[in-house]
Structure formats: structure tokens, C-alpha cells
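**Q** Okay, handing you the structure first.
The values are calculated or read from the model by the stated rules, or taken from the named source; none is laboratory data. For clarity, every value in this text was computed on a predicted model and none was experimentally measured. Cβ atoms come from the backbone with ideal geometry, glycine included; neighbour counts cover every protein chain shown. When the accessible area is computed, the model is the full protein with side chains, heavy atoms only, and any ligands, DNA or RNA have been set aside. Shrake-Rupley method; radii C 1.70, N 1.55, O 1.52, S 1.80 Å.
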Amino acid sequence: MTTRISQEEMALQRDFIKKVAEINAQNAPPVAHVHTFGCQQNVSDGEKIKGMLALMGYGFSDTPDGADLVIFNTCAVRENAEDRVFGNLGALKHEKAKNPEMLIGVCGCMVEQQHITKKLKQSFPHVDLVFGTNALHTLPKLIYEQLNIENREKRRRTFFIPEGDGVIAEGVPLRRENPFKASIPIMYGCNNFCSYCIVPFVRGRERSREVPDILAEARSAIDGGARELLLLGQNVNSYGKEPGTSFSELLREINALDGEFRICYMSSHPKDFSRELIDTIASCEKVTRHFHLPVQSGSDRILELMNRHYTREDYFAIVDYIRERVPDAALTSDIIVGFPGETYDDFKDTLSLIERVKFDSLYTFIYSPRKGTKAAEMPDPISAEEKGKWFAELLEVQGRLGENAYNRYVGQTLRVLCEGGGRTDPAFLTGKTPQDAIVDFAGDKSLIGKFVNVKIEKALNWALIGSIVN
């Protein structure tokens, strides 16, 4: 059962925002440093953290040096992200010694794991605040309780990690990172429990926002200048099971909003990618033509061990229908190499799958065990060296397949959202097509944040070159 934070509770948090702002107004404006690790969902959470802090009177710094408040918004999906957080926290010990008034907070997915919380308590005594993914909306109260203690030596470290399957809190202030790109969470959590993935344990079970709340946020973003709406969820395809709508219906409603904008979404799960959804995308002119469908492995045996609930033939059927209904589609995917128990024959099944599908690009990873998942307990006899060889072979095959993927766009005129300075030439601008392809072209910087028509003249391995046409 989803817990929706009451309006009364959110009003209380707004009162704490005002109280912190009053405290901060008594001195020089305080500075906050917020560093977000991980996925777009974390980036969206970081925008909420900054939104609350801005109303509390904080300015922002790109570094923790001299900051009055430092918050690390963490990721638990891969070990190297956790290592980076611990390294940065260790470095802050010296900053805290120079400035004992500094507040240090850690939030996000990492702290939802008991062994991480234990490590923070034992090894990082200079950390003041630790709060979980379901406590994000309580940040104003947590900060007020720290600042309202006159004797700083009596400050108590706060560890607030509520139990349960997760919450939905509407009305949290936002400070968007990009004025023309808006990330809009439509759901939180995950019910899939893939055997390698920690997300259901740190984000909770699936819970969907109500359609009117999503539409109101989308309308506000469009009115504020957003030209790209990124709909977020751990598995957007399963949106709406609780409110009684569907992701297809939601896409149609957002597509019907007035304005010039495009709709993106992430992440998708192949087991829930229905023909109805593909038909909806084909009929909605504002929805992008980029399909990111993480397959993870081409071996049915490994897919079963991963608890993915589809076969390679199921995946081929989805891909074939996408290409039938959306001929200009671009397909990308995720691949995990070296899953526990994987053999070279299993790995060859993955190679044969990518040969069959011919993805535009791949996000590739060597398996990283996550404590608390089923896969972390599975026998894993293949050496890291051998997995590295497989990984190199995968990159070679995909490099060959993807080398000419962009050639099909040469001669076409595509609608491009201009995003900033060029990547291939400092005199150029850069943008993205509806297929999520990078395009560089000559143009004035006043075009940033606008749509332009670009005729594609040249294809590189990773980008397109073109020129603006009327």
C-alpha cells in the first residue's frame, strides 16, 4: 500500500523551510554543496534537495571547500560509486576540522543498506545527517533541528531511514539543473527483483504518482520553458497499476498538452513493453523514437538466473514489432558480462543477439556484486581476467556493428533540440535528434534551448554533422 504524504505534513515542512531561512538570514548567506551520484532518478532527487535549500536561503557552490552545508546524494547500483562517496567523505574530515560549524549530510540509495549505515556511524563521525530515499521531504526539519541547537557541542547525529515500501510526497520545491529539460518522476521503486539489482531494496516497491499531479508538473515545466520532458521510473512500463491507468494512457495525455516539446522516458523493462505501448509511441508525434530496452544477456539460461521474465525470442518479437511500427527508431540496450555462472557459450548467445538486433549503441558492464542480492550469493567461478577478455570481445563486436549505424541519417533533415556548445568543433552547437543521436552544426548560441531543422551531411561513429535548414 502506497503511503502518500499528507498536505498537513508538507505544510509542516514548509514551515521548517521558513524557520531555517530566518536563522540563515541572521548571518552572511550560507553556501551549500550538493553532489549527486548515479541515475536520473537521483538527479531528480538532487533537484528537490536544491529546491528546498534555495528557499532556506542557501546559495550553491561547485566544491565543498568553504561550504556551510555539504550533501552527498548517493547511488548503490555499482561498487565504484560507493567507493567514491566514502573517498569524498574522508576528505571532508579536514574541512570539518577547519570549520566545525559545517553540516555534512549523506542521503540516497546507499544509506538504505544496513551495512553502509553501520559504516557511516563507525568510520565517519564527522557526518551529521544521514537520511533515506523516503525521508527526502523531511530535509527542512532535519536541518532546522541541527541549526536550532545553540551549543554546537550538544548536536546529535541524525540517522533517519524510515522503514516501509516507500512514499510519495507531492509539492516538494524544485531547482531544475537545466532550464529547457525537465525530469518528471512518474513512479518510484521496483517490483521486479532482478537477482543482480539492489534497487527494490533501497527504493522500495513500485508506487505511481496520480495522473493530475504529473500533468500539472508537465504543464508547469512547459510553461517555464522546458522543451524536453523526461519521464522517470525504475520501470516506467509498469506505471499506473495502482491508480488504474497505464503508461500508454499517460503518454497520450502528455502528448496532447499544448506546446512545442518532446517526451522521453526511462527506464524500460522488456517484460512490460507491450504492443499497445509501441502503437502508442508510434501515434504520438511528441514521443521520441529512441527505445532503450535493457536486455542484459542473450542467454535464456542466464536471463532465468537474472529473474528477467523474458526469453531472447520474446525480446526479438519486441524489437521486430518496434521496427515494423516505428521504422525510424533507434535501439540501445544494457549488457552485463560475467554474471555468476555464465559460461562462454552463454556469452556467445549474447554476441549472437546483438548481431541479430544491431543496436545503435550499448551500455556495457562487467558484473558487480551487490550485497543483499541473490546473485551475490551465487557461485562465480570465472576469473576477472576471463571476464575482461569477454568484455573486450563484446566491445569489438558492437564497435563493428555500430560503426556505420549513423550512416542511415545522412541526407535526412531531422528536428534537433539544441542543447549547447558543439562536441566536435568549439565553433559549433550541439543537439539531439528524436532518436537521441548527437548532432553538431553551425549556429548562433541564441538557438540553445530551441528546436531547429538540421540536414545531416556527415556521420561519425558517435555523432552526426549537419547544417540548419529553414
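**Q** Does the stretch 217-226 contain at least one residue that is more than 23 Å from C107 (Cβ to Cβ), among the basic types (K, R) and surrounded by fewer than 23 Cβ atoms within 10 Å (Cβ to Cβ)?
**A** yes
**Q** Yes or no: K450 open to solvent by 50 Å² or more (accessible area, probe 1.4 Å), farther than 30 Å from I354 by Cβ and modelled with pLDDT of 95 or more? Don't jump to the end; show me each part of the working.
**A** Details: open to solvent by 50 Å² or more (accessible area, probe 1.4 Å): yes; farther than 30 Å from I354 by Cβ: yes; modelled with pLDDT of 95 or more: yes.
Yes.
**Q** Restricting to the stretch 107-152, name every residue that is in a helix (DSSP H, G or I) and over 25 Å from F201 (Cβ atoms).
**A** Those that are in a helix (DSSP H, G or I) and over 25 Å from F201 (Cβ atoms): P140, K141, I143, Y144, E145, Q146, L147, R152.
**Q** Name the residues in the stretch 1-40 that are under 21 Å from I104 (Cα atoms), open to solvent by 50 Å² or more (accessible area, probe 1.4 Å) and assigned to a strand (DSSP E or B), would you?
**A** The answer is H35, and nothing else.
**Q** A further question on this structure: Based on this model, can you work out whether I104 counts as touching an Asp or Glu at 6+ places or on another chain (Cβ under 8 Å), β-branched (V, I, T) and either part of a loop (DSSP other than H, G, I, E, B) or touching a residue at least 24 places away in the same chain (Cβ under 8 Å) (or both)?
**A** On the way: touching an Asp or Glu at 6+ places or on another chain (Cβ under 8 Å): yes; β-branched (V, I, T): yes; either part of a loop (DSSP other than H, G, I, E, B) or touching a residue at least 24 places away in the same chain (Cβ under 8 Å) (or both): yes.
Yes.
Every residue, every condition in (1) out of contact with any Asp or Glu (no Cβ under 8 Å at 6 or more places or on another chain); (2) open to solvent by less than 50 Å² (accessible area, probe 1.4 Å); (3) part of a strand (DSSP E or B), yes or no:
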{"site": "S368", "(1), (2), (3)": "no, yes, no"}
{"site": "G399", "(1), (2), (3)": "yes, yes, no"}
{"site": "R423", "(1), (2), (3)": "no, no, no"}
{"site": "T430", "(1), (2), (3)": "no, yes, yes"}
{"site": "K455", "(1), (2), (3)": "yes, no, yes"}
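**Q** Going by the conditions given, is R207 crowded, with 20+ Cβ neighbours inside 10 Å, at pLDDT below 95, out of contact with any helix residue (DSSP H, G or I) (no Cβ under 8 Å at 6 or more places or on another chain) and not hydrophobic (A, V, I, L, M, F, W, C)?
**A** Yes, satisfied.
**Q** Determine, yes or no, whether A81 is open to solvent by less than 10 Å² (accessible area, probe 1.4 Å), under 17 Å from the mean Cα position of the chain (by Cα) and not aromatic (F, W, Y).
**A** no
**Q** For the stretch 302-320, give me each residue that is open to solvent by 30 Å² or more (accessible area, probe 1.4 Å) and under 15 Å from V357 (Cβ atoms).
**A** Within the stretch 302-320, T311, R312, E313, D314, A317, D320 qualify.
**Q** Residues to consider are E145, E153; find the one that is open to solvent by 20 Å² or more (accessible area, probe 1.4 Å), modelled with pLDDT under 90 and of a type outside the set (S, T, N, Q).
**A** Working: E145 fails: modelled with pLDDT under 90.
None of the others qualify; the one that does is E153.
**Q** Taking the residues in the stretch 401-421 that are of a type in the set (A, V, I, L, M, F, W, C) and not in a helix (DSSP H, G or I) as candidates, determine which candidate is surrounded by the fewest Cβ atoms within 10 Å (Cβ to Cβ).
**A** Filtering the stretch 401-421 for residues that are of a type in the set (A, V, I, L, M, F, W, C) and not in a helix (DSSP H, G or I), the one surrounded by the fewest Cβ atoms within 10 Å (Cβ to Cβ) comes out as V410.
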